Amino acid sequence: MKLVLTGLNCLKLQNSQKPEPKPGFQVLDVQYCAISRTDAKMWSEGHPDLVFPRILGHELVARDEDGQWYTLWPGHHCGQCRYCLSDRENLCQKMKITGFHHDGGFSNYILSPEKSLIAVPESLRSPLACFAGPAGCVLHAIEKLNLRPNERMVIHGGGTLGLIAALASKDMGAEVVVIEKSEAKIAKATAFIDASGIACVKDTQDSAFDAGLNACPDPVAFSLGLTKLGKGGRYTFFSGLTKNANIETNLINLLHYKEMKLTGAHGLARQDMISALAFIDHHQSRFELLIEKIIAPQEAPDVLPAVLSSEVFKYILDFTDTASDQPLTSSIATDETVGAQPKGVSLVKRFEPHLRSVFENITPAEHHLRPQAQYKIDNKTKPLGALGTLEALGVQMCLIQNSLNPRVERKALLVFASDHGVVEEGVSAYPADVTGQMVANFLNGGAAINVLCRHNGIDLKVVDMGVNVDFETHPLLYTQKVRMGTRNFAIAPAMTEDEMLRAIQNGMQVFLTENTKQPIDIVGLGEMGIGNTTSAAAIISAVTGITPREATGRGTGINDQGLEHKIEVITKALNFHKPSSRDGFEILRKIGGFEIAGIVGATLAAASHKTAVVLDGVISTAAGLLAYLINPDIRDYLIAGHRSVEIAHKAALDHLQLEPVIDFNMRLGEGTGAAITIDVVDAACCIMGEMASFDDAGVSRKTD
Ligand SMILES: [Zn+2]
């Protein structure tokens, strides 16, 4: 039995076959394998270098044919580089990792390099040996502090690693304080803390510690850790920090003023793992407290989200019951996706009850009215078809409103704004700060979209979906922030499923709230977000099948070199995520943006109320594409505002079979193209309702 990661969020239970032995390697029976946070991250976010399918798991204990138990040093090192030759194989230049580059321990067999095997003492032939990896990392990090008896040690983070670090420091005679801001985690750790003689507090004013270590990725905790040290203090930078964090320069200056020592610690050497086994053996009863639960392999997908949250101790998979060659008998167990994301319909069930009705209320427009509407426009006092696009719009509005006298009384325009993590890749000519600055400009009434909305009598609202700055309340502003920008989709999904669902619902809610004030007859959907043409190009490429090169434009005006780079970023991201071309939710989650999700939600909500939706440029249209994938019936309500100069726009419009109303060579976004088009649609409705027919006016028709 093995758990195979075949894609993001997709762990499949399959029969395993005993691997063929090869020179330098040994085939072992896995007994137990712990689920590390790294495993959970690979499951949830992947990694550009992670190749599917892959068997995860590196915190394991396994047995050979003779009954000897081993733990595995998780690296495959070259043994020849200068790091390997100086017993620092954790820094090996050709390092490959078990459960990442090679298949790991979520299986009842493992093929391990012989040089990675470390014998487990008889007294420790239990799940506890799975702690050898994490405990070895901790010992490796603590060793760098050269702790002396009675020195005072501060540790930020009261999770498994923080507590092991506290125990190891205590063993060296240090007086240890663990700082953990979550009361729930403190409560969870109580038994361990009490048994180990460690203090655990939410915070301390004390700033004279001799040594410290960060055991959580929070950059604030790392910063606070440094400030807690006295002069000559030593600090081990143990947990990598959340990406993009800013570190105060004053803090770095502390290193200077207080003559502190800062050292990094990464992974562990073989020797650390050997030391860890002795350490665990000595503290077996303590380590037992750090086991959350021992579970069957098929339960793994259920606990991965909890592991990811860092709010649980160790879950350990038990492979001792899965007799080696016994085939899986249960039909569900064989090659079934375990715990895969529910798709489409099942995702809709996770919407708030009052928003679920949005999906139920979306129906196609009233196509049965087309002959009458066409007859009406054809009989106006003009040559047949002489009003061109205005005629088509007039007919479309009849079908949308189920009336031969369509009206545009209330016009609205929603500008959704958000930041994009992918800006980190250098894909935009403008810095990310511009998103927030432009939102402020909208609120001050000075942007192009303000002018056009005022000019055309359109109610403008700005929606903060995820701008990386907070705004004061403002009558024009809806605050619907999901997160301070998406994740960088070049290396991880742009958003989690929960974030995506929240963003779509927030977009729905804004439309519904505005519509309740006074029914909206037509709504334009615009956007602001530095980096969002990259997201839109990726979406359009994923849906329509055009290549990233064909889909990628210059956005806010990057140069040739920048354009090549942007194409490369999009190509790599699409190869990494491999989104299905027909799953709007999946594409949105992996490579979308919060403002794009907002537009998707607003489009669905508008269609459910039979309100015409005017898309704007390439980003707004990319969102329209996703809404269309989610519910094809919305297409009848879509009007393409204008033709953008971004190349991908045409592919997206063709896919939706929409013709843009105006072609003004615009590429601003914000909803400006939509604002102009709303006025054109208004005019088309006036033509439909007010213009005289030949019969009304007593004008003779053309005679053939
Ligand atoms: Zn090496």
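How charged is the neighbourhood of Q374? Take every other residue with its Cβ under 15 Å from the Cβ of Q374, and add Lys/Arg as +1 and Asp/Glu as -1. Intermediate results must be reported in sequence, preceding the final value.
Details: positive: R370, K376, K380, K382; negative: E366, D378, E391.
Overall, the nearby charge balance is +1.
To the nearest 20 Debye, how big is the dipole of the chain about its Cα centre, given +1 on the beta carbon of each Lys and Arg and -1 on that of each Asp and Glu?
Details: 65 positive and 80 negative charges, 121 e Å.
For this selection, approximately 580 debye.
Can you give me the distance in nm between label points at T320 and D696, each placed 7 Å from the Cα along the Cα-to-Cβ direction?
Label-label distance for T320 and D696, simple model: 8.7 nm.
Give me the percent relative contact order of the chain, please, defined on Cα pairs under 8 angstrom at least 6 residues apart.
Numbers: 1514 pairs, mean separation 85.4, N = 704.
Relative contact order comes out at 12 percent.
Expressed as a whole number of Å, what is the distance separating the alpha-carbon centroids of segment 575-617 and segment 464-507?
Computed from Cα coordinates, the inter-centre distance equals 14 Å.
Might you tell me the accessible area per residue for the chain, computed with a 1.4 Å probe and given in Å²? Walk me through the intermediate numbers first.
On the way: 29440 Å² over 704 residues.
That works out to 42 Å² per residue.
Below 8 Å, C-alpha to C-alpha, sequence gap of six or more: please give me the relative contact order for segment 159-235 in percent. Numbers along the way, then the final one.
Details: 88 pairs, mean separation 21.8, N = 77.
Relative contact order of segment 159-235: 28 percent.
Add -39500 (n - 2.57) for each DSSP H run of 4 or more in the chain, then divide by its residues: what number comes out at 222 nm, to the nearest 500 deg cm²/dmol? If you can, show how the numbers build up before the last one.
On the way: 25 runs with 272 residues, N = 704.
Rounded to the nearest 500, it is -11500 deg cm²/dmol.
With a Förster radius of 56 Å, plug the Cβ-Cβ distance of E65 and H256 into 1/(1 + (r/R0)^6) and report the FRET value to the nearest 0.05.
Working: r = 58 Å, r/R0 = 1.03.
That gives a FRET efficiency of 0.45.
Students often forget the sequence filter, so: which aspartates and glutamates lie under 19 Å Cα-Cα from K185 once same-chain residues fewer than 8 apart are removed?
Result set, ordered by chain and number: D194, D203, D218, E288, E292, E311.
Mind jotting down the distance between the C-alpha centroids of segment 272-314 and segment 44-88, whole Å?
The distance from the Cα centre of segment 44-88 to that of segment 272-314 comes to 18 Å.
State the percentage of accessible surface on the chain attributable to carbon and sulfur atoms; use a 1.4 Å probe and exclude ligands, DNA and RNA. Let's see the in-between values first.
Values: 14680 of 29440 Å².
Percent of accessible area from carbon and sulfur atoms in the chain: 50.
Can you give the Kirkwood hydrodynamic radius of the chain from its Cα pairs, in Å with one decimal? Could the numbers behind the result be given before it?
Values: mean 1/r = 0.0352 Å⁻¹.
Its Kirkwood hydrodynamic radius stands at 28.4 Å.
List the aspartates and glutamates whose alpha-carbon lies under 18 Å from that of K231, not counting same-chain residues fewer than 8 positions away?
K231 reaches E151, E175, D206, D210, E259.
Tell me the net charge near T621. Cut-off is 11 Å between Cβ atoms, T621 excluded, with +1 for each Lys or Arg and -1 for each Asp or Glu. If you can, show how the numbers build up before the last one.
Numbers: positive: R643, K650; negative: E527, D616, E646, D654.
Spelling it out: positives minus negatives among the neighbours equals -2.
As a quick test, which of the pairs K170/K293; K144/K261; K41/K228; K411/K610; K144/K314 have an alpha carbon distance above 19 angstrom in this structure? Don't jump to the answer; show the numbers that get you there.
Numbers: K170/K293 26 Å; K144/K261 10 Å; K41/K228 30 Å; K411/K610 14 Å; K144/K314 26 Å.
The pairs that break the limit, which is 19 Å between Cα atoms, are K170/K293; K41/K228; K144/K314.
Using a Cα-Cα cut-off of under 21 Å, which lysines could be cross-linked to K481, ignoring same-chain neighbours fewer than 8 residues away?
By straight Cα distance, K481 reaches K243, K461, K590.
The values are calculated or read from the model by the stated rules, or taken from the named source; none is laboratory data. Note that the structure is predicted; figures quoted are calculated from it, not measured. Note: ideal-geometry Cβ built from the backbone for every residue, glycine included; neighbour counts use all protein chains shown. Keep in mind that these areas ignore ligands, DNA and RNA; they rest on the heavy atoms of the full protein, side chains included. Shrake-Rupley method; radii C 1.70, N 1.55, O 1.52, S 1.80 Å.
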